[in-house]
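The values are calculated or read from the model by the stated rules, or taken from the named source; none is laboratory data. Computed from a predicted structure; not experimentally measured. FYI the Cβ positions are ideal-geometry reconstructions off the backbone, even for glycines, and counts take in every protein chain you see. Only protein heavy atoms, including side chains, enter the accessible area calculation; ligands, DNA and RNA are left aside. Shrake-Rupley method; radii C 1.70, N 1.55, O 1.52, S 1.80 Å.
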Amino acid sequence: LGVNGSGKSTLLNLIAESLKLPRITPYNRSPFFMEYVNRMCSWEATGGRPKNSVPNGSAIFTSDDVFYGIIDRRVENEDTRYRQEEREAEYRAAQGQPFTRFTGMEDYDELVRQMDTRRKSMSQYVNHYAGRLQTPDSNGEYALNFFREHFRDDRLYLLDEPENSLSLPLQKELMEYIFESARFFGCQFIIASHSPIFLSIPGAKIYDLDSKPVCLKKWTDLPNVRMYYDFFMEYKAEFEG
């Protein structure tokens, strides 16, 4: 945990580069970043694994990965809508028109398309030739499904603010999924987060980057979490009235 600018994301990126973990989207770094990684960052595996080895398939996932996925889905849907509009116009124009005269195999595809305008409904024709829109999940549902689809057993995952785009119920659902992945399926997680939901994961070691020096703390003692507590206590009467 740490306030904005405390270095949470930078620390995750240092760990990821030191471990040579794959990532989806690029990140900002200075010209001296890799020199610092190579000179200053060292690590050693524990738990019986060979020295300087991490489980295959381990990765770092950031909020940018989720945002880019959401944007890519929107762009792809816009392209699909454009194709659908073209096919709708094509379908309407073909109604009542005579078939193309078949003179050779070069006419075959066009003849099949024209026959489809007679035997298919417009929606069937459009979906067949233009494709369907991707499932219109909300941003939060997309984010939750992103993590579910990428997590595998016996991996190390670095997560940078996974709470972004997630409502509190979805944060809780992802938190429980992370906890179960760690408890039952051999995964390890290093998470940078502001969310009390993720900070409350049972058994988590929480390092407060705002402390000098950085130290372990109980999640209920963190200033960020105490602010939530104080805020709700201020309105306690309204909750209990």
Given (1) more than 21 Å from the chain's Cα centre (by Cα); (2) at pLDDT below 70; (3) open to solvent by less than 30 Å² (accessible area, probe 1.4 Å), SER6 misses just (3)
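Out of the residues in region 178-197 that are of a type in the set (A, V, I, L, M) and buried (at least 18 other Cβ atoms within 10 Å of the Cβ), which is farthest from ASN164 (Cα to Cα)?
So in region 178-197, the residues of a type in the set (A, V, I, L, M) come out as 178, 182, 190-192, 197.
Now restrict to residues that are buried (at least 18 other Cβ atoms within 10 Å of the Cβ): 178, 191-192, 197.
On the way: ILE178: 16, ILE191: 13, ALA192: 11, ILE197: 12 Å.
If we take residues in region 178-197 being of a type in the set (A, V, I, L, M) and buried (at least 18 other Cβ atoms within 10 Å of the Cβ), then ILE178 is farthest from ASN164 (Cα to Cα).
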Going through region 202-240 in order, the residues found to be surrounded by 11 or more Cβ atoms within 10 Å (Cβ to Cβ), among the hydroxyl-bearing types (Ser, Thr, Tyr) and over 23 Å from GLU176 (Cβ atoms) are SER211
